[in-house]
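Take a look at the structure below.
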Amino acid sequence: VQLQASGGGQVQPGGSLRLSCAASGSIGRINFMGWYRQAPGKQRELVAVITVGGTTKYADSVKGRFTISSDNAKNTMNLQMNSLNPEDTAVYYCLVLYAGVDYWGKGTQVTVSS
């Protein structure tokens, strides 16, 4: 499974970004996808996850601001991030759980700064 994440960048506080992750390879249906992030000097933390059935879970810090979605047929996932603040600055990683194995993307930098 190969993961390609895109959409990171720099934005001012209050702005928005949309991250995307596409899974490729000889794979069938993916049952679990998610986004994690790691800020400098901090541990990697869950941002949002989604199951094939559409069940979602968000970190308390992003509830109401971030929205995760997926296209099961295409094995793609998006993270719409609104009302960004400097505390959201981190490297964002996409995660796919497939056949009992975790696959991680390389990460995309999100910087929120004025």
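The values are calculated or read from the model by the stated rules, or taken from the named source; none is laboratory data. Quick caveat, the model's predicted, so the values are computed rather than measured. Note: ideal-geometry Cβ built from the backbone for every residue, glycine included; neighbour counts use all protein chains shown. Protein only, heavy atoms only, side chains kept; ligands, DNA and RNA dropped before computing areas. Shrake-Rupley method; radii C 1.70, N 1.55, O 1.52, S 1.80 Å.
Assorted remarks:
- Dipole magnitude of the chain about its Cα centre (Cβ charges: Lys, Arg +1; Asp, Glu -1), debye to nearest 20: 100
- Ranked by the mean number of other Cβ atoms within 10 Å of their residues, highest first, the peptides 102-111, 40-49 come out as 102-111, 40-49.
- Using only the C-alpha atoms, the convex hull of the stretch 3-114 corresponds to 91 Å³ per residue.
- Debye intensity ratio in log₁₀ form over the Cα atoms of the stretch 63-110, taken at each q of 0.18, 0.28 Å⁻¹: -0.70, -1.18
- Relative contact order (%) - criterion: Cα under 8 Å, at least six apart; region: the chain: 36
- For the set Val96, Val52, solvent exposure ranked by accessible area (probe 1.4 Å, protein chains only) runs largest to smallest as Val52, Val96.
- Partners of Lys57 within straight-line reach, counting aspartates and glutamates whose Cα lies under 14 Å from its Cα and excluding those fewer than 8 residues away in the same chain: Glu45.
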